1. Out of the range A:306-327, which residues are within 14 Å of another protein chain (Cβ to nearest Cβ) and either among the aliphatic types (A, V, I, L, M) or outside any helix (DSSP H, G or I) (or both)?
2. Which residues, counting only those in the range A:341-369, are crowded, with 24+ Cβ neighbours inside 10 Å, of a type in the set (D, E, K, R) and farther than 13 Å from A:VAL215 by Cβ?
3. So which residues in the range A:224-250 are under 16 Å from A:ALA270 (Cα atoms) and not polar (S, T, N, Q)?
4. Please go through the range B:259-278 and give me each residue that is over 19 Å from B:GLN227 (Cα atoms) and out of contact with any Ser or Thr (no Cβ under 9 Å at 6 or more places or on another chain), ordered by number.
5. Anything in the range A:213-234 that is part of a loop (DSSP other than H, G, I, E, B) and either more than 8 Å from chain B (Cβ to nearest Cβ) or more than 30 Å from A:PHE149 (Cβ to Cβ) (or both)? List them, or say none.
6. Name every residue in the range A:167-181 that is surrounded by fewer than 23 Cβ atoms within 10 Å (Cβ to Cβ) and either within 30 Å of A:GLU209 (Cβ to Cβ) or more than 9 Å from chain B (Cβ to nearest Cβ) (or both), in order of residue number.
7. Give just the number: which of (1) within 14 Å of chain A (Cβ to nearest Cβ); (2) modelled with pLDDT under 95; (3) not in a loop (DSSP other than H, G, I, E, B) does B:GLY393 not satisfy?
8. It is to be established whether one or more residues within the range B:122-138 are under 18 Å from B:ILE230 (Cα atoms) and either crowded, with 16+ Cβ neighbours inside 10 Å or in contact (Cβ under 8 Å) with a residue 24 or more places away in the chain (or both).
Number of protein chains: 2
Amino acid sequence: MSSHASYEVLTVATVPTYIRSRPALARLVDTATLSVREVGDGNLNLVFVCRDAKGRGLCLKQALPYVRIVGESWPLTPARSAAEARSLDAALSACPELVPGFHGFDPKRFVIAMENLSEWTVWRAALNAGEIHRGVAGTMGEYVARMCFATSLFGLQPEAAHLRAAEAVNPELCRITEDVVFTEPYLEHEHNSYASGIASEVERLQRDERLVAEVGALKYRFMTDGQALIHGDLHTGSIMVRREEADRGSAKVIDGEFCFYGPVGFDLGALAGNYLLAYARGLALRRPAGFLSWVEGLPRETWDAFCAALRALWPSRAERFLSDGFLESWLEGVWHDAVGYAGCKAIRRIIGLAKVSDIQTLPPEEHRWAAAVVLRTASRWIAERNAIGTPDGLLAIARETAMDLER
Amino acid sequence: MSSHASYEVLTVATVPTYIRSRPALARLVDTATLSVREVGDGNLNLVFVCRDAKGRGLCLKQALPYVRIVGESWPLTPARSAAEARSLDAALSACPELVPGFHGFDPKRFVIAMENLSEWTVWRAALNAGEIHRGVAGTMGEYVARMCFATSLFGLQPEAAHLRAAEAVNPELCRITEDVVFTEPYLEHEHNSYASGIASEVERLQRDERLVAEVGALKYRFMTDGQALIHGDLHTGSIMVRREEADRGSAKVIDGEFCFYGPVGFDLGALAGNYLLAYARGLALRRPAGFLSWVEGLPRETWDAFCAALRALWPSRAERFLSDGFLESWLEGVWHDAVGYAGCKAIRRIIGLAKVSDIQTLPPEEHRWAAAVVLRTASRWIAERNAIGTPDGLLAIARETAMDLER
């Protein structure tokens, strides 16, 4: 158990007093008329949604010193709150409209105060419901580009970039990704579980030495290639969207506690891997063609917006040695990384720890089929990542795979 | 001027008292009979060689808070001493016999206490004199491999590797390399100077857009790719050899203040780039064939020893995901990096700040010719780095270039 275990955990009853003790927060809501709800899942964090009589809101997120999962006690330092605060702080200058308003971090009690997003929806839930939110995928490409530029050698003087990278080291959270994304799904491991109907698919994948070696190379780059402050967990459950603004691409990124200086392709891959999960669900449920073709276009939408935003920022870069030619070849490298990481992020959701509702809530037969589509597609992405030249190819591979596996 | 500028600078007269104030040092020599000489060049550091009546020795290296060079005052934090101590400390467990004995670091006065190497010779001086020291190049390959393994994900648990990388951040010293190795030689810059006879060679190089873009890509990797704690300045002037043990490959690496987590190929490239400088001098002075063919073999000797040492350590690696196949493809990447960095390290010695005696002490005509051989060879190394498959090819290119430029 962490030495922090003795800090005071907030409750619905103590939140108003806590807010009054922090002047910057006390200004935002009327604590005398505050209603407070705890909406976190209780495994990792407490999340308090507060609203006063005038309708002004505030959200407090407090990190717990452990995570209770798969039946075992797993201590996890609440210092991850500092990483989340760092991510929000970076976004404050890079792309403030793409994250919740940030009202400060309390490093003693590991509390982040931020804008209340209770009127927003988790994008994964919207995708699961078959909703089309135009523009969100593009907004996410822009988010990755603007965060990358602002925190890297592109937008910072070298000394500042090096110091920020050192400061942002996040080994405990990185270890989770290293284990659950890059290691456990490729071994027999107690964290793994999957529908018995796909056991032969899983076995084939785990025995594919070339694939496992490619995953190892991607893991090594994840662990050594400090390109920029990346989100580190940018799946569709870390993105909030607004139904009423569906056509404007409004979105806010949350849950930045996994941030560290890593390869930018990892964030883009997390998005693409989750588009695959949404697509497999859509195919399994025989969603309307309009929804499916919209999902098919998401990888390109994200990628094009990422490139466009970075090219737009490029003239203001800090280092002149970074030529236009450099950017184009850097983008090519990021693209191939992204394809590989997309595969890894999709596979872990089928085999390893922490499943996703896209697949888990399907009826048994559809679940088995969708899981097989994801595994086969994602394996090809990893193995063929250097040959896959455009984002259009990604879900085309899923479509082909789905036809091979026709029910 | 740094805020440390007020710390007390040692003098020949105050060294004995200083040693008495540090019990760990006072045990090593008899301060009552100590003779002290200051042998540093006074630009960056003070170096005191101490010897007592019984012949026991000690060396103290104190960092000055600035470097006075090219006529301007250049403040430089003495905290670089801490980086040098970190490098020595890492070597203490990785390869203690390949560095001077380390007797501790005084962070208040920026003093490193180490073994007295005054009976050793700087390898560059030995090379300049046409001396053959068999085995040293192999020892250097082994040094790079053992330091790499001990400080990286190969030999450390991931959390430890990440934390050590963050701790070892060294932006001020890295900035020097970023500027003088990767930037200034490719621009018109006040730090540049060269024999007027090679002005057209320099101009051609600086106008070669493809070359400059490749150097930019190498610079970016230097700045972002934290593979291991590298030496950061591993030229032949940072290597001490012993004449009397010429055939045993005895060597000790010094001056680790540029160390940080970077690409391992940078250290190997520094060695190869300096072999080129030694080779160009040897050709210019028409050294005996025995000397020249020995120098031609140095890149292979270093590379083979590097690979052999890493393969020998591989079975004890910390992370099982690092397969044998991973090692082989990682080595291939390091090799191509090394070829590129070798080119950069050779070019900066001809065009940029901080020249080397290999070339500077040649008579004018030989100087001009050797400088041209180095520039043309190094440019080809950078441009063709992904096509140069073996270490034998490196100085073969220099030989070809020398024939093209026949005097």
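1. Those that are within 14 Å of another protein chain (Cβ to nearest Cβ) and either among the aliphatic types (A, V, I, L, M) or outside any helix (DSSP H, G or I) (or both): A:ARG317, A:ALA318, A:GLU319, A:ARG320, A:PHE321, A:LEU322, A:SER323, A:LEU327.
2. A:ARG349, A:ASP358
3. Within the range A:224-250, A:ALA228, A:LEU229, A:ILE230, A:HIS231, A:GLY232, A:ASP233, A:LEU234, A:HIS235, A:GLY237, A:ILE239, A:MET240 qualify.
4. Within the range B:259-278, the first condition is being over 19 Å from B:GLN227 (Cα atoms), and the residues that meet it are B:272-278.
Within the range B:259-278, just B:GLY273 meets the criteria.
5. Across the range A:213-234, the qualifying residues are A:HIS231, A:GLY232, A:ASP233, A:LEU234.
6. If the condition is that a residue be surrounded by fewer than 23 Cβ atoms within 10 Å (Cβ to Cβ) and either within 30 Å of A:GLU209 (Cβ to Cβ) or more than 9 Å from chain B (Cβ to nearest Cβ) (or both), then A:PRO171, A:LEU173, A:CYS174, A:ARG175, A:ILE176, A:GLU178, A:ASP179, A:VAL180 are the ones that fit.
7. Here B:GLY393 clears every test but (1).
8. Looking through the range B:122-138, at least one residue is under 18 Å from B:ILE230 (Cα atoms) and either crowded, with 16+ Cβ neighbours inside 10 Å or in contact (Cβ under 8 Å) with a residue 24 or more places away in the chain (or both).
The values are calculated or read from the model by the stated rules, or taken from the named source; none is laboratory data. Note that this is a predicted model, so its numbers are computed, not measured. Note that each Cβ is placed from the backbone with ideal geometry, even for glycine, and that neighbours are counted across all protein chains shown.
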